[in-house]
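The values are calculated or read from the model by the stated rules, or taken from the named source; none is laboratory data. Not measured: the values here are computed from a predicted model. Backbone-built Cβ (ideal geometry, glycine too); neighbour counts: all protein chains shown. Ligands, DNA and RNA are stripped out before the accessible areas are found, and what is left, the full protein with its side chains, is counted by its heavy atoms. Shrake-Rupley method; radii C 1.70, N 1.55, O 1.52, S 1.80 Å.
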Amino acid sequence: MATYPHNWELLTSDLVRVDSRRFCIARLFEVYDDEYQFLTKENFAVFTGVELERNDTAEDGIQVIKHKSIRYNFDRTLLQLHYLDSFWQMFKTTLIPFPVA
């Protein structure tokens, strides 16, 4: 399991299928102020591209290849919208496929 700085909170993590072998892991974070822990300093998403390949030497026959990760910062007006389910569903459908390395 990944570890993050103490003032980061993972709000959601989704696996979005791009095609039969490629996926995008979309994680949404809030960062809290160190001094006033109830105040949110920023919200951002991290998108990581992964690809599955067959590999006879792997334990389960599948190898996960991690590609580039991109951080997307939300501005303050968009920050409030994240709590709406409809926004997150719309956001997931507009993801751009990641480039294959």
Quiz item: What are the residues in the range 1-15 that are small (G, A, S) and either open to solvent by less than 40 Å² (accessible area, probe 1.4 Å) or not in a strand (DSSP E or B) (or both), if any?
Solution: A2
Quiz prompt | Within the range 16-54, considering residues that are more than 16 Å from N73 (Cβ to Cβ) and among the aromatic types (F, W, Y), the one surrounded by the fewest Cβ atoms within 10 Å (Cβ to Cβ) | solution = F38
